[in-house]
Amino acid sequence: NAGVTQTPKFRILKIGQSMTLQCAQDMNHNYMYWYRQDPGMGLKLIYYSVGAGITDKGEVPNGYNVSRSTTEDFPLRLELAAPSQTSVYFCASSYSSRDRETQYFGPGTRLLVL
Amino acid sequence: GQQVMQIPQYQHVQEGEDFTTYCNSSTTLSNIQWYKQRPGGHPVFLIQLVKSGEVKKQKRLTFQFGEAKKNSSLHITATQTTDVGTYFCAGPRTSYDKVIFGPGTSLSVIP
């Protein structure tokens, strides 16, 4: 299993540009998450999904959109990039059963908005 | 809303010294998880504690879940340079809630 994969690894955007961060998992996990991590800080939940077709907002959803058309994929969309969105973005997935919510993280996407 | 706090924020230790980080939640947790993130890497799951008062060991690492299920600790005995990184605790209020991460404790080990 590849686990959780993310593309791209690194991207530079200009203010106002848009992009999609890709995330895929091959562990048949129902739950998927997007986090951002600013330098020296913890993880903030942007959006999450408990299954295909179901998404919900986390702590910091503004400026982002997600979709979950399949169990495997959970892309994150930035429509109008702003410098405040410069961060490292981690995708994660987990089992859905009770008391088994260990999250498996992808390698991250480093985004710089100039 | 639920908040998870960790202390200290940073810790510098001499190699061979012990290290402890504490995690406190504003609400009772269904379970507590600990993750380690190496510099430049991604968080990696270490362990999950579910029962009140539970203690688990992984070699030099000892994890404890408080009796009230609102706090937890991670203790490392005789730190090594391979222990360098940020340690995050995380937990949901119930098994069906999303997991909330603490801000992490960054550990530096001086050889």
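For this structure, a couple of remarks:
- Dipole magnitude for the protein assembly as shown: about 120 debye, using +1 per Lys or Arg Cβ and -1 per Asp or Glu Cβ, origin at the Cα centre.
- Length released on extending from B:Tyr10 to B:Thr81, taking residue separation times 0.36 nm less the Cα-Cα span: 24.0 nm
- Accessible area (Å², per residue) of the stretch A:20-93, counting only protein heavy atoms and a probe of 1.4 Å: 42
- Chains B and A, summed buried accessible surface - 1.4 Å probe, Å², nearest 100: 1800
- Mean Cα-pair separation over length for chain B, i.e. relative contact order, pairs under 8 Å, 6 or more apart, %: 37
- The portion of the accessible surface of chain A made up by carbon and sulfur, rounded to a whole percent, is 51 (1.4 Å probe; DNA, RNA and ligands excluded).
- Its residues counted as N, the stretch B:1-93 yields a C-alpha radius of gyration over 2.2 N^0.38 Å of 1.04.
The values are calculated or read from the model by the stated rules, or taken from the named source; none is laboratory data. Computed from a prediction, not measured in an experiment: that's the story for all the values here. Here the Cβ is made from the backbone with ideal geometry for all residues, glycine too, and neighbour counts use every protein chain on show. Surface areas here come from the heavy atoms of the whole protein model, side chains and all, with no ligands, DNA or RNA. Shrake-Rupley method; radii C 1.70, N 1.55, O 1.52, S 1.80 Å.
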